[in-house]
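Visitor: One structure, as structure tokens, below. Some questions next.
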Ligand SMILES: Nc1nc2c(c(=O)[nH]1)N[C@H]1C(S)=C(S)[C@@H](COP(=O)(O)O)O[C@H]1N2
Ligand SMILES: [Mo]
């Protein structure tokens, strides 16, 4: 059942990539507007996943950070919460067209996490892994952005299961598919490794202002 829903959903989104759906041909690199080209504002918060919503308690949740790092770590809930916490407000832009303004996220800054694990000199790619088997790749430079975090709360409330709780990544400057939900592993690499949507026609980067929807 979950399998067939997933296949249908994946086939639809792959077809969008092939047909270049939603491309306006009018990039807005200077951010003249607040809404990137081809996007439409919503005030609700849609849920997107692959038909699976892992149910992970904070007691069983672990975050592993490994690969091209000097100091691989595994945080449990208590060690994650013991890290310095930050708060950041940002806009969400999903490649399926919706944008949601002013989301407040609480959690651990990716820059802090990187200072703990210490990337090796050759590391330049990060792969985020969700407990549902989802992956997405981005450059270490983008991941290290001062607006990026490993979040456990949204608008002051614990992140719900459907939105990726207990913990998800938040990468505000890319389309939202780069913000992996149910985050359980962060892998640093020297050589790029395209993720779930990136191997299915979606852009390797994903700047909404440049309409980097598809590859
Ligand atoms: N683990 C995991 N993370 C994921 C996804 C997913 O299917 N699995 N979908 C991505 C996509 S395509 C989007 S648009 C956002 C949706 O997040 P939301 O459901 O909180 O709106 O999560 C992203 N992160
Ligand atoms: Mo998405």
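Visitor: For the range 1-55, what class follows from the C-alpha gyration tensor (a ≥ b ≥ c being the square roots of its eigenvalues): rounded when a/c is under 1.5, otherwise prolate if a/b is larger than b/c, else oblate?
Guide: Values: a/c = 3.78, a/b = 1.71, b/c = 2.21.
Here the range 1-55 falls in the oblate category.
Visitor: Now for a separate question. If you take the alpha carbon radius of gyration of the chain and divide it by 2.2 N^0.38 Å, what ratio comes out, to two decimals? Please report the intermediate quantities before stating the final value.
Guide: On the way: Rg = 16.6 Å, N = 215, 2.2 N^0.38 = 16.9 Å.
Working it through for the chain, the quotient is 0.98.
Visitor: Per 0.36 nm of contour for each residue apart, how much would the distance between residue 104 and residue 50 grow if the chain were fully extended, relative to their Cα-Cα spacing? It would help to have the intermediate numbers written out before the result.
Guide: On the way: separation 54, 0.36 × 54 = 19.44 nm, distance 2.48 nm.
Value of the extension gain: 17.0 nm.
Visitor: Could I ask something else about it? Taking 0.36 nm per residue of sequence separation and subtracting the Cα-Cα distance, how much length would be gained by fully extending the chain between residue 120 and residue 73, in nm to one decimal? If you can, show how the numbers build up before the last one.
Guide: Working: separation 47, 0.36 × 47 = 16.92 nm, distance 1.41 nm.
In short, 15.5 nm is gained.
Visitor: Relative contact order of the chain: what whole-number percent is it, with Cα pairs under 8 angstrom and at least 6 residues apart?
Guide: Numbers: 441 pairs, mean separation 52.3, N = 215.
So the answer I get is 24 percent.
Visitor: Using a/c under 1.5 as the rounded threshold, could you call the range 41-87 rounded, prolate or oblate? The axes a ≥ b ≥ c are square roots of the C-alpha gyration tensor eigenvalues, and prolate needs a/b larger than b/c, oblate otherwise. Could the numbers behind the result be given before it?
Guide: On the way: a/c = 1.91, a/b = 1.72, b/c = 1.11.
Since a/c reaches 1.5 and a/b is larger than b/c, the shape of the range 41-87 is classed as prolate.
Visitor: Cut-off 10 angstrom, C-alpha nodes, Gaussian network model of the chain. Which of 143, 101, 176 fluctuates the most?
Guide: In the Gaussian network model the winner is 101.
Visitor: Helix 2-19: angle to the longest alpha-carbon principal axis of the chain, degrees 0 to 90, nearest 10?
Guide: The helix 2-19 is inclined about 60 degrees to the chain.
Visitor: Pulled fully out, how much extra length does the chain show between residue 147 and residue 23, if you take 0.36 nm times their separation in residues and subtract their Cα-Cα distance? Before the final figure, lay out each step's value.
Guide: Details: separation 124, 0.36 × 124 = 44.64 nm, distance 2.63 nm.
Computed gain between residue 147 and residue 23 is 42.0 nm.
Visitor: Roughly speaking, what is the centre-to-centre gap between the range 89-118 and the range 157-212 when only Cα atoms are used, to the nearest Å?
Guide: 10 Å
Visitor: Continuing with the same structure: Would you mind ranking 34, 168 so that the residue whose beta carbon has the fewest other beta carbons within 10 Å leads the list? Mind showing how you got there, number by number?
Guide: Values: 34 11, 168 22.
By the 10 Å Cβ count, ascending: 34, 168.
Visitor: Can you give the percent of C-alpha pairs in the range 83-184 whose distance is more than 17 Å? Please report the intermediate quantities before stating the final value.
Guide: On the way: 2526 of 5151 pairs.
Of all Cα-Cα distances in the range 83-184, 49 percent exceed 17 Å.
Just so you know, all these numbers are worked out from the coordinates, no wet-lab data involved. This structure is a prediction, so every number in the text was calculated from the model and none was measured. For neighbour counting, all protein chains shown are included, and Cβ atoms are generated from backbone atoms with ideal geometry for every residue, glycine included.
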